[in-house]
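A.B. asks: This structure is in structure tokens; I'll ask about it shortly.
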Amino acid sequence: MREWNYENEQWTKLPAHIKHLPLFTQHHDLTSRLIRFIWSIILKNWFYTFYIRLEVKGGDFNELYQQHKKLIIISNHASHLDAISIAASIPRTRWLDLYMAAAKDYFFSNVLFTFFSQHCLGAIPIDRKEKKGEAVQLIISLLTQLDRMWLIIFPEGTRTKDGKIQEFKRGISIFAEKTKTPILFLYIDGNSRLWPKSAFFAKPGKLTMYIGPVQPPTSIQEIQKNYLTWVKTIDPSVLPDDLTDENEISESRPTIQDLESDDDNNN
């Protein structure tokens, strides 16, 4: 699939549900590759080596890359460290296929943020104000049309305040089932301790990234039940009592607010 750009004919032939969105996906030209390489050095070779010590346990991303061209990557969400920690744990040679769903009004709010989100994060801008489901359909279209895609989404929708895992939103299961994309479980230990929701910036320390099983597409109830069962073997203290029962997971109607919350990105 060719890279999307306002100038080429692929942009002009986009489906109507995508065409209105300001789509700044990754442009793999030499400039973008250079910027991403420099960012990877800063992130992997400095920040996550000398400031925060990042350890990956439980699996091998290179093996997963060979086995799965497309994955929805989910993790607990307690800190602004989470997305970049996931990126830092993945080999930089795989970054060109790594994307992140990001709120357009925050990550694309100005020229600097747009440049960083486009070249460093591989961010897909999601308009959280629309009410017709275009943002949900956008991600479904990308997962269907791209040859390779690893998509980072936090199923809780917002950072937890107390480190405990919150209820999952239904968008994840919709994406997986409609596109037949499997889901990779990750768990980040130490994120809420190093950069809690109320803090201005992260403090130094150790962060551990646990790679879990790959979940076939299924209902949100089954996804959360299996995720909690796996996380319980690592740190049972992050499981609230009201989320341990599969029957108590709600089946709320999917909206873009299910994927990103204003509170997450504005604080």
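A.B. asks: Please find, within the stretch 157-192, the residue that is surrounded by the most Cβ atoms within 10 Å (Cβ to Cβ) out of those that are acidic (Asp, Glu) and farther than 28 Å from ASN62 by Cβ.
C.D. replies: Of everything passing the filter in the stretch 157-192, GLU167 is surrounded by the most Cβ atoms within 10 Å (Cβ to Cβ).
A.B. asks: Looking at LEU207, LEU121, which one is touching a residue at least 60 places away in the same chain (Cβ under 8 Å) and of a type in the set (A, V, I, L, M, F, W, C)?
C.D. replies: Sole residue among the options that is touching a residue at least 60 places away in the same chain (Cβ under 8 Å) and of a type in the set (A, V, I, L, M, F, W, C): LEU207.
Condition check ((1) touching a strand residue (DSSP E or B) at 6+ places or on another chain (Cβ under 9 Å); (2) within 23 Å of PRO217 (Cβ to Cβ)) across all residues:
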{"site": "LEU112", "(1), (2)": "no, no"}
{"site": "PRO125", "(1), (2)": "yes, no"}
{"site": "PHE154", "(1), (2)": "yes, yes"}
{"site": "GLU177", "(1), (2)": "no, yes"}
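A.B. asks: Now for a different question. Might you let me know whether the stretch 48-69 holds any residue that is farther than 26 Å from THR144 by Cα, free of Cβ contacts under 8 Å to residues at least 24 places away in the same chain and not basic (Lys, Arg)?
C.D. replies: yes
A.B. asks: For the stretch 182-190, state whether one or more residues are modelled with pLDDT of 95 or more, part of a loop (DSSP other than H, G, I, E, B) and among the β-branched types (Val, Ile, Thr).
C.D. replies: No, that holds for no residue.
A.B. asks: A further question on this structure: Hey, can you tell me all the residues within the stretch 85-109 that are hydrophobic (A, V, I, L, M, F, W, C) and either surrounded by fewer than 19 Cβ atoms within 10 Å (Cβ to Cβ) or farther than 16 Å from ARG53 by Cα (or both)?
C.D. replies: Scanning the stretch 85-109 gives TRP95, LEU96, LEU98, MET100, ALA101, ALA102, ALA103, PHE107, PHE108.
A.B. asks: Considering only residues that are at pLDDT below 85 and hydroxyl-bearing (Ser, Thr, Tyr), which ones fall in the stretch 132-161?
C.D. replies: THR158
The values are calculated or read from the model by the stated rules, or taken from the named source; none is laboratory data. Since the model is a prediction, treat every value here as computed from it, not as a measurement. Note that we place each Cβ from the backbone using ideal geometry, even for glycine, and neighbour counts take in every protein chain shown.
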